[in-house]
Each structure stands twice: as C-alpha cells, then as structure tokens.
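J.: Below you will find the structure I want to go over with you.
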Amino acid sequence: MHTYEIFLKKDGRDEYRHAGALDAATDDLAMVMARESYIRRAEGDRLWLVRRDHVIVADPDLIAPNADKPHRHHDGSAVAARRKALRNEGASS
Amino acid sequence: MAAFEAFLDDGGIVEVDDDMPAEYRQAVFAFIEMHANSELMGGLTERDWIPRTPGLRHKMSVLAKTQDEIGHGHLLYMVAADMQIKTREEMLEDLFAGKSRFHNVFHYQAVTWGDQVAIAFLVDAAALASQQAVFKNCSYGPYRRILKRIISEEGFHMRLGEDRMMRIAQGTDTQKEIFQGALDRWFWPALQLFGPDSKPDDVLLRWHIKSERNEVLRDKWVQKFVPMLQSYGFTVPAPDLSYDEEAGKWDVGPIDWEPLKRTLAQGGPDSARRINEAKDNWERTRWVRDAMDRAAAVPA
Ligand SMILES: [Fe+2]
Ligand SMILES: [Fe+2]
C-alpha cells in the first residue's frame, strides 16, 4: 500500500488545498478512492494526488533563519508618525 | 509539557511529524481509534439494511450512507495509523478480539426499519454534535481536516433521518407504532453516546481535542430533540421527563449509566454478534486485500 496526499480545487476558484490522505495499492485505484472519499458530493472538480514518499520535506533548521530577518520587513512607523503629525497640525489650524 | 500546553492554548496545531508528548500522542490516538472503530461498526450495520430498505430512493440513500461510513472508517484508520502506535491491521485485530472500544450505540441491534430511522435521526445527530465540538478547536491537524469531511456527510445522514421520520409521522398507525418502538429502544443509547459528565481533569479538554464538556453537549441534544420528537407526535421514553417553565428547559431525569458501562466492556445486548460479524466480514474480504498488496508490489 502507498499513502497519497489529496489536493482539491474548485474550478476557477482558490488554490489547490490539502484535503487529507488515503491508502491505495496503485495510482489508478488511488484516483478512484479519492473520488469516492473526498469529492463524493462535488467538493472540488480538480484533483491532485501526490504519493507521500515523493514529498520532499524541509528540515526546520533550513527554514528557521528566515524567521529572524528584520531587514526584510518595514513597518513604516516613522513615516506614519510624520503623516499623523501633519494631519494633527492641519486640524488644529 | 508546560511549553506544549501553552502552544496548544495559543491555538497551536500539531501535525503528524511534529514532536509531541507521548501522553498526547497516546490520548489522541485512542480517541481517533475509537472513532474509526465506530464508523466501521456503524457502516456494517448500515450495509445490513441495504436489501431491507423500503423503496428505491431510500435504498440508494442507504447505499450512499453506507459508503460514507465505511469511507469515514478508512480515513480515520489512516490518520490513526500515521500516529505510529498501532498499524491498521493491529487496530482491526484488537477490534475483532474485543480489546478496543467502539461507541455504545453500535452494541445494540436494529430490529425494524423504524430503528434505522431512529438511528439516522438520533444517533447520527448525537455523533455529529460531538464531532462538531471536536472540529471546532481540534489541536491535531490531520484529525481536524478529516472531521471536516465527516461532519458534512453526517449532516446528510441526520437530514435523511428527519425526512424519513416526518414521512413515518404522516403515515399509518402501524408505521407510527413501529417508530415509537424504535424510539423506546434508541432514545437512551443515543443520549448516552455523549458519555457521563466530563471529569474536571479530562486531558482531551485540556489538550484541545474536545472543546465542550460531555454534559453540555448532552443537554443541548436533549433541548433540541425532546421538543422535536414531540412535535412529530411521538412520546419521549423518559418517565421522569419534566419541563422547567422558568428556565425554559427540558429535564429527562436521572440517567442510568449501567448500560453504557456494559457496552464499553463489550457486554451490550448485541456486542458479541456484531464483533463476530465484523470479523467474518474481514476474513471474507481477505482476498481483496491480498490482491491489493500484490498490485502495490508491482513497480509502476
Ligand atoms: Fe460516519
Ligand atoms: Fe453517519
């Protein structure tokens, strides 16, 4: 048996979304099982199956450094403060 | 554990490959395993009624409901097996050996078509209410995603049940009598599906698997179903049933939990037959699984 991850999408809407997984013997059987388990009532009209052992999973340590890159963000607070100050001046005059 | 609990309290979702405390893994696994067992046992009973269902339209919906329930079982066993405590085969072996649990309602026999209607209406509704309360805030991601599917299908089962009950309520005196008999058999087991009052230290509540206490869910079900059954002209089989005008609430009186305890020890009225039947079914379909295994072994 292989485990397949199931992705569904409604035509013309949204992105493919992970719906769950299932076990099946072959790709063809997995397709039929996916239709009969995950889109029994037209919950999607596009279907992707990905064998779980084909999914390449990132090591959290590879991703972690990007949580600490403040120079990739800017909250614009100094500019916002100046705009607010200008607005307040305008209102009081 | 403190850090993990803080993560859960903060709305954290646990995925299958994440580190999780062994106690959490065990508790979530046991909960999902019991749910999976119940779907399978329920689906098998549903299947028994396909040939006996009156009328083609009802028969087709019973077929659909049977497929839904077996599908729920399939998906839940997969989610449970992914937790790597037992394989699917081990879970099924334990079920057939009477070593693991399934919901109390599947330890009783459905005697008439009226029972099937009562089950679809009362039991599927009780199961749906419990599942919705889990889905609401479930900290285990893979279970939550599968619950989403299950809940939408259980809603179909419940609506099917009410539609059939409505037809019976508009039917002949014999039909009404048959349904009243079914109600007398199924009202209490359905109510007991919610279980006794939650313990103050219930880890399933603490770890955000359940989002609501058993007694709260049970009471909501009572407030909804007592007046609904009465509105269709049926009698709720609770001798101490009372209505508190001031609070606007129904009270079914004291609940005898002994029948529930017996079912949890596989000593319900129909436990032995049901377990044997499920086991036989598993044996009879072995050739299908063997064929699947051979197909899976062929390189693509
Ligand atoms: Fe179900
Ligand atoms: Fe159901």
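J.: For chain A, what is the convex hull (Cα atoms) projected area averaged across all directions, in square nanometres?
T.: The orientation-averaged projected area of the Cα hull of chain A comes to 11.4 nm².
J.: P(r) for segment B:127-267: what percent of alpha-carbon pairs falls in each 10 Å bin, starting at zero?
T.: Distribution as computed: 10, 33, 36, 18, 3 percent.
J.: Right, next: For the protein assembly as shown, what number results from the quotient of the Cα radius of gyration and 2.2 N^0.38 Å?
T.: 1.17
J.: Now a separate question. If you wrap a convex hull around the Cα atoms of segment B:45-142, how much volume per residue is inside, in Å³?
T.: 121
J.: Next question, about the same structure. Residue B:27: net charge of surrounding residues, Cβ under 15 Å, Lys/Arg +1, Asp/Glu -1, itself excluded?
T.: So the surrounding residues net to +1.
J.: Also: Given R₀ = 30 Å, FRET efficiency for residue B:169-residue B:223 by Cβ-Cβ distance, to 0.05?
T.: E(calc), rounded to 0.05, equals 0.90.
J.: Continuing with the same structure: Based on the Cβ-Cβ distance of residue A:50 and residue B:5, what FRET efficiency does E = 1/(1 + (r/R0)^6) give at R0 = 30 Å, to the nearest 0.05?
T.: My answer for the efficiency is 0.35.
J.: In debye to the nearest 20, how big a dipole does segment B:209-300 give about its Cα centre with +1 on each Lys and Arg Cβ and -1 on each Asp and Glu Cβ?
T.: Result for segment B:209-300 is approximately 660 debye, rounded to the nearest 20.
J.: Work out the charge dipole of the protein assembly as shown with +1 on the Cβ of Lys and Arg and -1 on the Cβ of Asp and Glu about the Cα centre, then indicate which of B:198, B:161, B:61 is farthest towards its positive end.
T.: The residue sitting most towards the positive pole is B:61.
J.: Could you calculate the contour length gain from residue B:258 to residue B:295, that is, 0.36 nm times the residue separation minus the distance between their Cα atoms, to one decimal place in nm?
T.: Separation in residues times 0.36 nm, less the Cα-Cα distance, equals 8.5 nm.
J.: For segment B:88-173, what is the largest minus smallest coordinate of the Cα atoms on each principal axis, given in angstrom and ordered from greatest to least?
T.: Principal-axis extents of the Cα atoms in segment B:88-173, largest first: 47, 33, 16 Å.
J.: Defining a contact as two alpha carbons under 8 Å apart and six or more residues distant in sequence, what relative contact order in percent does chain B show?
T.: Relative contact order comes out at 21 percent.
J.: Along the charge dipole of the protein assembly as shown, pointing to its positive end and built from +1/-1 on Cβ of Lys, Arg, Asp and Glu, which listed residue (B:83, A:1, B:37) has its Cα farthest out?
T.: Value computed over the given set: A:1.
J.: Going 7 Å from the Cα of residue B:288 toward and past its Cβ, which residues in segment B:31-47 have a backbone nitrogen under 20 Å from where you end up?
T.: Counting only backbone N, you get B:36-47.
J.: Now for a different question. Can you give the FRET efficiency for residue A:79 and residue A:14, using 1/(1 + (r/R0)^6), R0 = 30 Å, r = Cβ-Cβ distance, to the nearest 0.05?
T.: Working from the Cβ atoms, E equals 0.30.
J.: If you take each beta carbon of peptide A:14-25 and count the beta carbons of other chains within 10 angstrom, what is the mean?
T.: 4
J.: Under a crude label model (7 Å from the Cα following the beta-carbon direction), how far is residue B:56 from residue B:16 in nanometres?
T.: Spacing of the two 7 Å Cα→Cβ label points: 4.2 nm.
J.: Now for a different question. Calculate the tail of P(r) for chain B: the fraction of all Cα-Cα distances greater than 37 Å, expressed in %.
T.: Result: 17 percent of Cα pairs exceed 37 Å.
J.: Could you work out the longest stretch of chain B that avoids the GluC sites (Glu not before Pro) located in DSSP loops with at most 15 other Cβ atoms within 10 Å?
T.: B:16-244
J.: Among all lysine pairs in segment B:203-300 that are eight or more places apart or on different chains, how many have alpha carbons less than 26 angstrom apart?
T.: 9
J.: Counting alpha carbon pairs within less than 8 Å and at least 6 residues apart, what relative contact order, in whole percent, applies to segment A:2-92?
T.: About 29 percent, as a whole number.
J.: At 37 °C and 0.692 mPa s, grab the translational diffusion coefficient of segment B:243-294 from Stokes-Einstein with a Kirkwood Rh over Cα pairs, rounded to a whole number in µm² per second.
T.: 219
Every number in this text was worked out from the coordinates using simple rules, so none of it is lab data. Source: prediction; values computed, not measured. Here the Cβ is made from the backbone with ideal geometry for all residues, glycine too, and neighbour counts use every protein chain on show.
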